[in-house]
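Trainee: Sharing a structure with you now.
The values are calculated or read from the model by the stated rules, or taken from the named source; none is laboratory data. This is a predicted model, so every value here is computed, not measured. Please note: Cβ atoms are built from the backbone with ideal geometry, for glycine as well, and neighbour counts cover all protein chains shown. Only protein heavy atoms, including side chains, enter the accessible area calculation; ligands, DNA and RNA are left aside. Shrake-Rupley method; radii C 1.70, N 1.55, O 1.52, S 1.80 Å.
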Amino acid sequence: MSIFIDETTKVLIQGITGKEGSFWTNHMIGCGTNVVAGVTPGKEGQQVEGRDVYHSVRRAVDKVEVEASMLFVPPRFTKDAVFEALDGGIKKIVTVADGIPLHDAVQIRKAAMSEGAMVIGGNTSGVISPGRAMMGFFPYWIERVYKQGRIGVMTRSGSLTNEVTAMVVKAGFGVSSLIGIGGDPVPGTRFAEMLPLYEADDQTDAVVIIGELGGTMEEECAEMKGLGIFTKPLVAFLGGRTAPEGKRMGHAGAIVSGGKGSVKDKIKAIESVGGKVAERPRFVGDYLKELLGDRVR
Amino acid sequence: MKLFEYQAKETFRKFGIETPAGVLIKNAEELSDAMAKTSFPIVLKSQLLMGGRGKKGLIRLVSDEAQARKECGELFDSEYNVRKILVEQAVDIKTELYLSITVDPVEAKHMIIACGDGGVEIETLAVESPERIIREYVDPDRGLMPFQIKNVGFSLGLEGDLLKKFSAVLANLYKAFVSSDAELIEINPLFITGDGNIIAGDGKLSIDDNSDFRQPSYGKTRDYYDSDAEYEASLEGIPYLQFDGDISLMCAGAGLTTTVYDLINYEGGTVANYLEFGGPNYKKAVRAMELCLKNDSKVILVVTFGTIARADVMAEGIVDAISRLKPDRPIVTCIRGTNEEDASRILKEAGLVPLYDTEEAVRKAVAIAKGEKP
């Protein structure tokens, strides 16, 4: 069983009739995803890829069983669409929108937390378990990146994920489930919150984090490992080690973390619990070999 | 978008937070008018977005007209590209506090940060004496409650009339934070004056770029950027940072671009500029290369690994840019992702040598920058 979604998960597509929505619905089905219906206000009665389109989430869930919702909705309407999915009782939501207003993102995460739901994104490519299913847009047909295997990958980036995952595959491994939590300052779900799912997944042997400077998400993962909540091997790649300071906001992040958030702190935190931090994408594969030895890849 | 102090203070006043009497001037001639509207001593505050203005000598306290004219001239002529000065009435300060509001991404709440030591660097204090920092978390759905305002006020040791005045400042600052879609709103220092008033001595306001559509436009002007190139790139919506090394980056994706930046440093190379033409900009190769060519870099390094930003489209863009701009320096390409086979063919047909491994491409660019033949 993979994490978040597999080939049985019943997926609704909000914004299914749009250009992006219909294009990627086709590919999600191609990847094995069980797309059950779509929503676009005003378009009920139409079909996309043979799936019925409904005016609203409520009208869709009245007719078909839905377990997860994929949003192809512009950033300024994302809060409304997430709340609509939550209102429909859906507990797994992925939003790829790039440009969700910060204060909307805070309310989205708050709502997900209070309803026991998981919102992945925004500003992400989504979630993929190669060979099984995906919610979002991944070039799953590129074998040297999206090869099925036993390594879990969590990431904040798009292009860098392709780069690093290609190195994981080059080292002889493949991917069990890849979760793009997204590059926004307030993602709906944080790295550490995914770790218990990877821990419970008998198809994941180790987890790779593709992180970045700032914030405390990598430190939170180290804490989970330190507490024994996550016990599998952990390898991190952190971009921006030599980046000059002071070009991004920085301020609030530094205050929140009270001195955490520098690359030095992140490396220290991860290494102190037995994790590895790769200086170059290529080293991620090397560390996996070192940590997993001859275990089945 | 980070706003200037004078803009932050305009917002403060709009929300009922008092600021010192002041006049904004754009050149030394306007100083006379500003002096007529204030009385000595006055403070000349250079309007720059960088931190540590005080330490850099960009804020001056002056007590007479001659001194004001001399120092005002010095500030406008300084190396820091000062384009505006806020001329403010000096305030009779009794105490200084720190007050800010930002978001906490873990709790998904608004976070008020306060401290009895105003004027200090809060990041430094957070490391050295974290116990002196007061935090109050606000549920975004409930909003700031009166008991929370009292929590902060009492923790700061305020009582009576001062507590009342402080409560109004905090309530108003919270309103400004929410209404402005702010990433950060900060008053540091917040003055308590000798006659018992509370006045915002300085102001920082950073507005979330994703909320532009529902915020008044501040307009992108040259003042907000460190260099002409960064300003020009911002008008195109292309993320760009100016450095002074040898290799111009033309990459896609923030994560991949910073990784390439790291790899160049590891290999002993130097970066001329950081530039991302991925995401919505993946068809802007010509504009991106034009920006790179304005630098006296020795080589342009293109690294991409895109999904929606298709490899074939980016390769075509590079070839088009080369034929239009006729660059006077070599270009190293490592373009991968969706339709990468087509991309390779397009690059080869144009006489380029496509590479597929990022580290190999970086080493090639560093070698060329050090004088090796392409």
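Trainee: Let me confirm something: among A:T95, A:T78, A:T33, A:T8, which residue is open to solvent by less than 50 Å² (accessible area, probe 1.4 Å), over 30 Å from B:K109 (Cβ atoms) and not assigned by TED's automatic domain parsing to the domain that holds A:F191? Please lay out each step first, then the result.
Mentor: Values: A:T95 fails: over 30 Å from B:K109 (Cβ atoms); A:T78 fails: over 30 Å from B:K109 (Cβ atoms); A:T8 fails: open to solvent by less than 50 Å² (accessible area, probe 1.4 Å).
That would be A:T33, the only listed residue that is open to solvent by less than 50 Å² (accessible area, probe 1.4 Å), over 30 Å from B:K109 (Cβ atoms) and not assigned by TED's automatic domain parsing to the domain that holds A:F191.
Trainee: Any residue at all in the stretch B:11-19 that is outside any helix (DSSP H, G or I), among the polar types (S, T, N, Q) and in contact with a helix residue (DSSP H, G or I) (Cβ under 6 Å, 6 or more places away or on another chain)?
Mentor: First pass over the stretch B:11-19, keeping only residues outside any helix (DSSP H, G or I): B:15-19.
Cutting the leftovers down to among the polar types (S, T, N, Q) gives us B:19.
Subset that is in contact with a helix residue (DSSP H, G or I) (Cβ under 6 Å, 6 or more places away or on another chain): B:19.
Within the stretch B:11-19, one or more residues are outside any helix (DSSP H, G or I), among the polar types (S, T, N, Q) and in contact with a helix residue (DSSP H, G or I) (Cβ under 6 Å, 6 or more places away or on another chain).
Trainee: Do the conditions hold for B:I192, that is, is it more than 30 Å from B:T333 (Cα to Cα) and either open to solvent by 20 Å² or more (accessible area, probe 1.4 Å) or within 14 Å of another protein chain (Cβ to nearest Cβ) (or both)? Explain how you work it out, then say what you get.
Mentor: Details: more than 30 Å from B:T333 (Cα to Cα): yes; either open to solvent by 20 Å² or more (accessible area, probe 1.4 Å) or within 14 Å of another protein chain (Cβ to nearest Cβ) (or both): no.
Spelling it out, it is not the case that B:I192 is more than 30 Å from B:T333 (Cα to Cα) and either open to solvent by 20 Å² or more (accessible area, probe 1.4 Å) or within 14 Å of another protein chain (Cβ to nearest Cβ) (or both).
Trainee: Those residues that are within 10 Å of chain B (Cβ to nearest Cβ), open to solvent by 20 Å² or more (accessible area, probe 1.4 Å) and outside any helix (DSSP H, G or I), I need them from the stretch A:139-180; list them, please.
Mentor: Within the stretch A:139-180, A:Y140, A:W141, A:R144, A:R156, A:S157, A:G158 qualify.
Trainee: Next question. So A:G89 fits all but one of (1) more than 19 Å from the chain's Cα centre (by Cα); (2) within 12 Å of chain B (Cβ to nearest Cβ); (3) open to solvent by 30 Å² or more (accessible area, probe 1.4 Å); (4) more than 24 Å from A:V207 (Cβ to Cβ); what number is the exception?
Mentor: Condition (2) is where A:G89 drops out.
Trainee: When you scan the stretch A:198-211, do you find a residue that is out of contact with any Ser or Thr (no Cβ under 7 Å at 6 or more places or on another chain), within 13 Å of chain B (Cβ to nearest Cβ) and surrounded by 24 or more Cβ atoms within 10 Å (Cβ to Cβ), even just one?
Mentor: As a first pass, look at the stretch A:198-211 and keep what is out of contact with any Ser or Thr (no Cβ under 7 Å at 6 or more places or on another chain): A:200, A:202, A:205-209, A:211.
If we keep only those that are within 13 Å of chain B (Cβ to nearest Cβ) too, we end up with A:209, A:211.
Subset that is surrounded by 24 or more Cβ atoms within 10 Å (Cβ to Cβ): A:209, A:211.
Checking the stretch A:198-211: at least one residue is out of contact with any Ser or Thr (no Cβ under 7 Å at 6 or more places or on another chain), within 13 Å of chain B (Cβ to nearest Cβ) and surrounded by 24 or more Cβ atoms within 10 Å (Cβ to Cβ).
Trainee: Looking only at the stretch A:112-125, decide whether some residue is in contact (Cβ under 8 Å) with a residue 24 or more places away in the chain, touching a strand residue (DSSP E or B) at 6+ places or on another chain (Cβ under 6 Å) and at positive phi.
Mentor: Filtering the stretch A:112-125 for residues in contact (Cβ under 8 Å) with a residue 24 or more places away in the chain gives A:112, A:115-125.
Keeping just the survivors that are touching a strand residue (DSSP E or B) at 6+ places or on another chain (Cβ under 6 Å) gives A:112, A:118-122, A:124-125.
Restricting the remaining residues to those that are at positive phi gives A:121.
Yes: one or more hits.
Trainee: I've got another one for you. Kindly indicate which of B:A361, B:A350, B:A315 is surrounded by 24 or more Cβ atoms within 10 Å (Cβ to Cβ) and in contact (Cβ under 8 Å) with a residue 12 or more places away in the chain.
Mentor: B:A315
Trainee: While we're here: Hey, can you tell me all the residues within the stretch B:73-107 that are free of Cβ contacts under 8 Å to residues at least 40 places away in the same chain, within 14 Å of chain A (Cβ to nearest Cβ) and among the hydrophobic types (A, V, I, L, M, F, W, C)?
Mentor: Answer for the stretch B:73-107, where residues must be free of Cβ contacts under 8 Å to residues at least 40 places away in the same chain, within 14 Å of chain A (Cβ to nearest Cβ) and among the hydrophobic types (A, V, I, L, M, F, W, C): just B:V106.
Trainee: I'd like to know if the stretch B:284-302 contains one or more residues that are charged (D, E, K, R), touching a Cys at 6+ places or on another chain (Cβ under 9 Å) and open to solvent by 10 Å² or more (accessible area, probe 1.4 Å). Break it down into steps so the answer makes sense when it comes.
Mentor: Let us first name the residues in the stretch B:284-302 that are charged (D, E, K, R), namely B:284, B:287, B:290, B:294, B:296, B:298.
Pick out the ones that are also touching a Cys at 6+ places or on another chain (Cβ under 9 Å) and you get none.
No: zero hits.
Trainee: Kindly indicate whether B:E136 is within 14 Å of chain A (Cβ to nearest Cβ) and not β-branched (V, I, T). It would help to see each step written out before you state the result.
Mentor: On the way: within 14 Å of chain A (Cβ to nearest Cβ): yes; not β-branched (V, I, T): yes.
Spelling it out, B:E136 is indeed within 14 Å of chain A (Cβ to nearest Cβ) and not β-branched (V, I, T).
Trainee: Next question, about the same structure. May I ask you to list the residues in the stretch B:108-118 that are touching a residue at least 24 places away in the same chain (Cβ under 8 Å) and not in a strand (DSSP E or B)?
Mentor: B:A108, B:G116, B:G118
Trainee: Quick one: in the stretch B:147-175, of everything that is free of Cβ contacts under 8 Å to residues at least 12 places away in the same chain and part of a loop (DSSP other than H, G, I, E, B), which residue is nearest to B:C115 (Cα to Cα)?
Mentor: B:L158
Trainee: Exactly one of these conditions fails for A:M194: (1) surrounded by 24 or more Cβ atoms within 10 Å (Cβ to Cβ); (2) within 14 Å of chain B (Cβ to nearest Cβ); (3) not in a loop (DSSP other than H, G, I, E, B). Give me its number.
Mentor: Of the numbered conditions (1) surrounded by 24 or more Cβ atoms within 10 Å (Cβ to Cβ); (2) within 14 Å of chain B (Cβ to nearest Cβ); (3) not in a loop (DSSP other than H, G, I, E, B), the odd one out for A:M194 is (2).
Trainee: Within the stretch A:104-118, is even one residue in a strand (DSSP E or B) and in the same structural domain as A:A68 (by TED's automatic domain parsing)?
Mentor: To start, the set of residues in the stretch A:104-118 that are in a strand (DSSP E or B) comprises A:118.
Those left that are additionally in the same structural domain as A:A68 (by TED's automatic domain parsing): A:118.
Yes, because at least one residue in the stretch A:104-118 is in a strand (DSSP E or B) and in the same structural domain as A:A68 (by TED's automatic domain parsing).
Trainee: Another one. Could you tell me whether any residue of the stretch B:201-221 is free of Cβ contacts under 8 Å to residues at least 24 places away in the same chain, more than 10 Å from every other protein chain (Cβ to nearest Cβ) and of a type in the set (K, R)?
Mentor: Yes: one or more hits.
Trainee: For residues that are in a helix (DSSP H, G or I) and at positive phi, tally how many sit in the stretch A:41-81. Give the derivation first.
Mentor: Within the stretch A:41-81, the subset in a helix (DSSP H, G or I) is A:57-63, A:75-81.
So of that shortlist, the ones also at positive phi come out as none.
Of the residues in that region, 0 qualify.
Trainee: Oh, and also: Return a yes/no flag: does the stretch B:256-263 have any residue that is open to solvent by 20 Å² or more (accessible area, probe 1.4 Å) and touching a strand residue (DSSP E or B) at 6+ places or on another chain (Cβ under 7 Å).
Mentor: Step one: list which residues in the stretch B:256-263 are open to solvent by 20 Å² or more (accessible area, probe 1.4 Å), which gives B:258, B:261.
From the residues that got through so far, the ones that are touching a strand residue (DSSP E or B) at 6+ places or on another chain (Cβ under 7 Å) too are B:258, B:261.
Among the residues of the stretch B:256-263, at least one is open to solvent by 20 Å² or more (accessible area, probe 1.4 Å) and touching a strand residue (DSSP E or B) at 6+ places or on another chain (Cβ under 7 Å), which makes the answer yes.
Trainee: Of all residues being within 13 Å of another protein chain (Cβ to nearest Cβ) and in contact with a strand residue (DSSP E or B) (Cβ under 8 Å, 6 or more places away or on another chain) in the stretch B:235-249, which is surrounded by the most Cβ atoms within 10 Å (Cβ to Cβ)? Just the residue, please. Write out each step before concluding.
Mentor: At the first step, the residues of the stretch B:235-249 found to be within 13 Å of another protein chain (Cβ to nearest Cβ) are B:237, B:239-245, B:249.
Restricting the remaining residues to those that are in contact with a strand residue (DSSP E or B) (Cβ under 8 Å, 6 or more places away or on another chain) gives B:239-245, B:249.
Details: B:P239: 17, B:Y240: 22, B:L241: 20, B:Q242: 19, B:F243: 17, B:D244: 11, B:G245: 17, B:L249: 28.
Ranking the qualifying residues of the stretch B:235-249, first place goes to B:L249.
Trainee: Here is a follow-up. Consider A:I100 carefully, then state whether it is facing chain B (nearest Cβ under 8 Å), in a loop (DSSP other than H, G, I, E, B) and surrounded by 22 or more Cβ atoms within 10 Å (Cβ to Cβ). Walk me through it before giving the result.
Mentor: Values: facing chain B (nearest Cβ under 8 Å): yes; in a loop (DSSP other than H, G, I, E, B): yes; surrounded by 22 or more Cβ atoms within 10 Å (Cβ to Cβ): yes.
So A:I100 passes the test.
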